[in-house]
Amino acid sequence: SKHCVNLDSRIANVTVKPLELDLGFQFELHVSVSGKKINVSEIPELPIPEGWMRDKLELNFYKTEQAAGGGEIESVTYTQGSGTAVITFLKPG
């Protein structure tokens with residue numbers, strides 16, 4: 001856990017320590033399903049950027065075509081603060 005680092009002809013002794021990252025969030029979603037779109041409601045406000053939430057929603061609803069209810073996603077419409085999103089798939093299913 002101890003290392004020597006050469007910085008501009010100077011030696012610095014450093015110690016490595018574990019860093020805990022608090023990145024996990026767990027929440028419940030309410031979903032309405034149609035042929036090509038899924039309406040998601042009651043999304044809690046989390047201290048993450050709006051783009052991250054869109055990515056998390058896309059990953060959550062993207063599944064291989066063999067899995068029931070999944071497929072390639074065309075778009076994710078999410079507005080932070082509204083607590084709702086619309087997931088649109090490329091193909092109905």
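No value in this document is a laboratory result; all are computed from the given coordinates. Note that the structure is a prediction, hence the values are computed from the model and not measured. Cβ atoms come from the backbone with ideal geometry, glycine included; neighbour counts cover every protein chain shown.
Of all lysines in the structure, those lying under 25 Å Cα to Cα from residue 91, and not within fewer than 8 positions of it along the same chain, are 36, 37, 56, 63.
The label point for residue 74 and the one for residue 58, both projected 7 Å from the Cα toward the Cβ, are 1.5 nm apart. The slack between residue 14 and residue 2, meaning 0.36 nm per residue of separation minus the straight C-alpha distance, is 3.7 nm.
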